[in-house]
There are 2 protein chains.
Amino acid sequence: MIPKEAKLVFKGVLFDVYQWQQEQFDGTEKTFEKLKRKNSVNIIPVLDDGKILLIDEEQPERGDFITVPGGQINDGEKPKDAARRELREETGTMSDDWYFMGEYFGSAKIRFHEYEYVARNVKKVARQHLDSGEKIKVGWMTFDEFLQCGRDPMFAISAYLKFRIYEALADPKKKEELRREIFFR
Amino acid sequence: MIPKEAKLVFKGVLFDVYQWQQEQFDGTEKTFEKLKRKNSVNIIPVLDDGKILLIDEEQPERGDFITVPGGQINDGEKPKDAARRELREETGTMSDDWYFMGEYFGSAKIRFHEYEYVARNVKKVARQHLDSGEKIKVGWMTFDEFLQCGRDPMFAISAYLKFRIYEALADPKKKEELRREIFFR
């Protein structure tokens, strides 16, 4: 949480910086600092044959990486609408069977809402519609390939999905839970 | 990486903000932004009976959390000297058998060097010497308890250690590697 009395000291493109005077255990004060990152969504799109859709994305300066579709939520946009928009823009697919998996709240120093969705039975409805800073190829994996891919440090997924995947690898019960959430609700 | 041409647009307590004009795939330009976070160290301290030392830390505004000793590297300080200082300040122990495990470089948007050390055969040499913003109790765990504790989202360890712990839980070979690095080198 960023305390109410915190002041916005810098407004950036992706990050805003807040500071406040925090009383210490000995009664003195220190300047504390936290960030607010722009909120975003991620989507696990599932095909009717049980494969998971993934994207191979290239961004200027960052290069190539494998990830799930997703992106920033626009001002005033609802998370689910952002998920629909990003799925359509990045993969050209759409779904009418959405499931909200969970939410990541950021770390101790960075406030950040990241909403995680499953889009089941996705169908091709349009062409990709990419930003000037995106090149995207679409591919697919089985559930077990997805879990193994999650172990790769270069697989650029959210902390929430990384955590769910590793829990599934560490504990068969958690694996069944994740499988159910992705495929059956 | 933060590109050479990036400009420091805000200097904070913990985070500095850099921006630059990045050419997009269609030739247009966008303002890109990355952060530099102050570098830090973490230490896994091991007792001569094979237990791992952990700390229960309280910070103003953040509350209680379990973690390993560690903290920010001071300006001009070497990572290993910071590790020795933090271990002594937070636990009152010292070691003459140090092992450098690895380094975390931050995420796509946040540049951050976090250095991970093992301090073996630690011995009590002094009292704790805490900052005005710290209250710390020291405890210990076995290796297997440490791995299970690593699964707890409230266990406040670095992304590097989280990743090493989950890899150890997912793969017996990785578990033996981690065990060797912590206990035998």
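Each of B:His113 and A:Lys30 was given a label point 7 Å from its Cα along the Cα-to-Cβ line. The distance between the two points is 2.2 nm.
Averaging sequence separations of C-alpha pairs under 8 Å and six or more residues apart, then dividing by the length of chain A, give the relative contact order as a whole percent.
Values: 356 pairs, mean separation 40.0, N = 185.
Relative contact order of chain A: 22 percent.
Using a Förster radius of 22 Å, what is the FRET efficiency between A:Lys11 and B:Lys7 based on their Cβ-Cβ separation? Nearest 0.05, please. List each step's numbers first, then the result.
Values: r = 16 Å, r/R0 = 0.72.
Computed FRET efficiency for A:Lys11 and B:Lys7 comes out at 0.90.
For A:Glu77, inter-copy separations between label points set 7 Å beyond Cα along the Cβ vector come to 4.3 nm, shortest first. When chains B and A come together, the accessible area they lose, probed at 1.4 Å and totalled over both chains, is close to 3700 Å². Dipole orientation for chain B: of the candidates B:Ile136, B:Ala159, B:Tyr104, B:Tyr104 has the Cα lying most toward the positive pole (charges on Cβ; Lys, Arg +1; Asp, Glu -1).
Considering only B:Leu169, B:Leu47, B:Leu14, the Gaussian network model of chain B with Cα springs below 10 Å gives its largest mean-square fluctuation to B:Leu14. Per-residue ellipticity at 222 nm computed for chain B from its helices equals -7500 deg cm²/dmol, with DSSP H segments shorter than 4 residues left out and the rest contributing -39,500 (n - 2.57). Each other copy places its own label point for A:Arg127 at 7.4 nm from this one, sorted shortest first, where the point lies 7 Å along the Cα-to-beta carbon line.
So which aspartates and glutamates pass the test for B:Lys109, namely a Cα distance under 13 Å, with those fewer than 8 places away in the same chain ruled out? Within the straight-line cut-off, B:Lys109 pairs with A:Glu61, B:Asp16, B:Glu33.
Per residue, how many Å² of accessible area does the stretch B:46-118 show with a 1.4 Å probe? Spell out each step's value before the answer.
On the way: 3140 Å² over 73 residues.
Here the residues of the stretch B:46-118 average 43 Å² of exposed surface.
Build a GNM of chain B with springs between Cα atoms under 10 Å apart, and of B:Asp96, B:Asp144, B:Asp49 the one that fluctuates most is B:Asp49. Computed over the Cα atoms of the stretch B:1-135, pair by distinct pair, the Kirkwood hydrodynamic radius stands at 16.9 angstrom.
Rg and Dmax of the protein assembly as shown, based on Cα coordinates, read 22.0, 68 Å.
Take B:Phe105: with every protein chain present and a 1.4 Å probe, its accessible area is about 100 Å². Taking only Cα atoms and a 10 Å spring cutoff, compute GNM fluctuations for chain A and point out the largest among A:Val68, A:Val125, A:Val138. For chain A, modelled as a Gaussian network with Cα springs under 10 Å, the answer is A:Val125.
Between the stretch B:1-62 and the stretch A:164-180, the C-alpha centres lie 30 angstrom from each other. Charges were assigned to the Cβ only: +1 to each Lys and Arg, -1 to each Asp and Glu. The resulting dipole of the stretch B:1-129 about its Cα centre is roughly 300 debye. Couplings 3J(HN,Hα) of the stretch B:112-127, computed from phi: 6, 9, 10, 9, 10, 10, 10, 10, 8, 6, 5, 10, 5, 10, 7, 6 Hz, in residue order, whole Hz [Karplus 6.51 cos²θ - 1.76 cosθ + 1.60, θ = phi - 60°; x for Gly and Pro].
To the nearest 10 Å², what's A:His129's accessible area with a 1.4 Å probe? Taking all protein chains as shown, A:His129 has close to 130 Å². If I histogram all Cα-Cα distances within the stretch B:27-82 using bins 5 Å wide from 0, what percent of pairs lands in each bin? So the P(r) values, bin by bin, are 4, 13, 15, 16, 17, 13, 7, 5, 5, 3, 2, 1, 0. With label points defined 7 Å past Cα in the direction of Cβ, position B:Gly106 shows copy-to-copy spacings of 1.7 nm, given to one decimal and shortest first. Across the stretch A:71-76, rounded Karplus estimates of 3J(HN,Hα) from the backbone phi angles (6.51 cos²θ - 1.76 cosθ + 1.60, θ = phi - 60°) give x, 6, 7, 5, 4, x Hz, Gly and Pro being marked x. In the stretch B:1-52, taking the dipole from charged Cβ atoms about the Cα centre, the farthest positive-side position among B:Phe32, B:Val17, B:Ile2 is held by B:Val17. Put simply, the stretch A:134-185 fits an ellipsoid with semi-axes of 20, 13, 10 Å; these come from the alpha carbon gyration tensor as the roots of five times its eigenvalues, largest first. Using R0 = 51 Å, the C-beta based FRET efficiency linking B:Glu23 and B:Glu58 works out to 0.60. Relative to its Kirkwood radius, the Cα radius of gyration of the stretch B:89-185 gives an Rg/Rh of 0.98. Counting only protein heavy atoms, what percent of the accessible surface of the stretch B:85-185 is carbon or sulfur at a 1.4 Å probe? After summing per-atom areas, the C and S share lands at 53 percent. About the centre of its Cα atoms, the stretch B:62-185 shows a dipole size close to 140 debye [charges on the beta carbon of Lys, Arg (+1) and Asp, Glu (-1) only; nearest 20 debye].
The values are calculated or read from the model by the stated rules, or taken from the named source; none is laboratory data. Note that this is a predicted model, so its numbers are computed, not measured. As a convention, Cβ positions derive from the backbone with ideal geometry for all residues, glycine included, and neighbour counts pool all protein chains shown. Surface areas here come from the heavy atoms of the whole protein model, side chains and all, with no ligands, DNA or RNA. Shrake-Rupley method; radii C 1.70, N 1.55, O 1.52, S 1.80 Å.
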